[in-house]
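Asks: Below are the structure tokens for one structure; questions will follow.
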Amino acid sequence: MEEILYRRIARQELCLNLFAQFQRRQEVNLCWRRTEQGWTVRPDPFVDQWSREDYVFLVQCLQGTLDGGGAVFGGFLSGGLKGFASVEGRPMGSRGQYRDLTSLHVSRELRGRGMGRQLFALAARWAGDQGGEKLYISSHSAVETQAFYRAMGCREAVEYDPGHVAREPYDCQLEYEIPKS
């Protein structure tokens, strides 16, 4: 298999065409849900597939990330974007200890091959270089997504961001302690 190129994505690259070879589709069957007894896995089948409007919104969000001093990283195969991660530049949390990992997605055909780990590592390294102690992740509650973040060393966030919880009440609020360099 051809080698994947990982690099930062510049603002002028952020357009719909950048995502022409990216497949967001995720078939979800089981999700983590918080109950009075704690976290439990429940059936909640659906297909998460972005529309053109979703991609338009994504491009606007990623442009906003860069305009706000954040970073966007991409994984490219044969010149096409196959995965990306974004981290906001603005500190958050009671002490400014968090940097917000606002997206981490890998194209359907490349999931499970290490691209997510590489993008996560790039995002964490950048966040640490910006003074962050932890990444904050408002994560999809799908069992597979949670397994990935747990394997990366994430755990339930000590502090929940009210904005994230309000926007995505079924997301799992996680954090990752960035190793000191």
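The values are calculated or read from the model by the stated rules, or taken from the named source; none is laboratory data. Remember, it's a predicted structure, so these values are computed and weren't measured experimentally. Cβ: placed from backbone, ideal geometry, glycine included. Neighbour counts: every protein chain shown. These accessible areas exclude ligands, DNA and RNA; they are computed on the full protein's heavy atoms, side chains included. Shrake-Rupley method; radii C 1.70, N 1.55, O 1.52, S 1.80 Å.
Asks: Would you check which residues across region 84-102 are over 15 Å from Ala157 (Cβ atoms), touching a residue at least 40 places away in the same chain (Cβ under 8 Å) and open to solvent by less than 10 Å² (accessible area, probe 1.4 Å) and list them?
Replies: Matches in region 84-102: Phe84, Val87.
Asks: In this structure, is Arg33 surrounded by 12 or more Cβ atoms within 10 Å (Cβ to Cβ), in contact (Cβ under 8 Å) with a residue 40 or more places away in the chain and assigned to a loop (DSSP other than H, G, I, E, B)?
Replies: Numbers: surrounded by 12 or more Cβ atoms within 10 Å (Cβ to Cβ): yes; in contact (Cβ under 8 Å) with a residue 40 or more places away in the chain: yes; assigned to a loop (DSSP other than H, G, I, E, B): no.
Answer is no for this residue.
Asks: While we're here: With Glu53, Glu2 as the choices, which residue is part of a loop (DSSP other than H, G, I, E, B) and loosely packed, with under 13 Cβ neighbours inside 10 Å? Reasoning before the result, please.
Replies: On the way: Glu53 fails: part of a loop (DSSP other than H, G, I, E, B).
Matching residue, one of Glu53, Glu2: Glu2.
Asks: Further question: Search region 1-25 for residues that are in contact (Cβ under 8 Å) with a residue 60 or more places away in the chain and farther than 26 Å from Ala124 by Cβ and pair each with any residue that is among the acidic types (Asp, Glu) and surrounded by 10 or more Cβ atoms within 10 Å (Cβ to Cβ) when their beta-carbon atoms are under 9 Å apart and the residues are at least 6 apart or on different chains.
Replies: As it stands, the answer is Arg25/Asp48, since those pairs meet every condition given.
Asks: If you don't mind, there's one more thing I want to ask. For His140, work out the one condition from (1) crowded, with 16+ Cβ neighbours inside 10 Å; (2) in contact with a strand residue (DSSP E or B) (Cβ under 7 Å, 6 or more places away or on another chain); (3) closer than 22 Å to Trp39 by Cβ it doesn't fulfil.
Replies: Evaluating His140 over (1) crowded, with 16+ Cβ neighbours inside 10 Å; (2) in contact with a strand residue (DSSP E or B) (Cβ under 7 Å, 6 or more places away or on another chain); (3) closer than 22 Å to Trp39 by Cβ leaves (2) as the failure.
Asks: Give the number of residues within region 139-181 that are in a loop (DSSP other than H, G, I, E, B) and of a type in the set (Lys, Arg).
Replies: Going residue by residue through region 139-181, those that are in a loop (DSSP other than H, G, I, E, B) are 140-141, 152-154, 157-161, 168-171, 178-181.
Pick out the ones that are also of a type in the set (Lys, Arg) and you get 180.
Going through region 139-181 one residue at a time, the tally reaches 1.
Asks: Then there's this: So the check is Cβ under 6 Å with 6+ separation or different chains; which pairs have a first residue in region 45-68 that's within 17 Å of Gln23 (Cβ to Cβ) and a second one that's in a helix (DSSP H, G or I) and modelled with pLDDT of 95 or more?
Replies: If the second residue must be in a helix (DSSP H, G or I) and modelled with pLDDT of 95 or more, the pairs left are Tyr55/Leu16; Tyr55/Phe19.
Asks: Return the residues of region 75-114 that are in a strand (DSSP E or B), of a type in the set (D, E, K, R) and over 18 Å from Leu14 (Cα atoms); say none if nothing qualifies. Give the derivation first.
Replies: Residues of region 75-114 that are in a strand (DSSP E or B), as a first pass: 75-77, 80-87, 92, 98-106.
So of that shortlist, the ones also of a type in the set (D, E, K, R) come out as 82, 99-100.
If the condition is that a residue be in a strand (DSSP E or B), of a type in the set (D, E, K, R) and over 18 Å from Leu14 (Cα atoms), then Arg99, Asp100 are the ones that fit.
Asks: So, one more: Mind checking which residues of region 60-74 are open to solvent by 10 Å² or more (accessible area, probe 1.4 Å) and assigned to a helix (DSSP H, G or I)? I'd like the intermediate steps shown before the answer.
Replies: Of region 60-74, the ones open to solvent by 10 Å² or more (accessible area, probe 1.4 Å) are 60-61, 63-64, 66-69, 73.
Of everything in region 60-74, those that are open to solvent by 10 Å² or more (accessible area, probe 1.4 Å) and assigned to a helix (DSSP H, G or I) turn out to be Gln60, Cys61, Gln63, Gly64, Leu66, Asp67.
Asks: Scan region 124-131 and give yes if some residue there is open to solvent by 50 Å² or more (accessible area, probe 1.4 Å) and part of a strand (DSSP E or B), otherwise no.
Replies: Checked region 124-131: no residue is open to solvent by 50 Å² or more (accessible area, probe 1.4 Å) and part of a strand (DSSP E or B).
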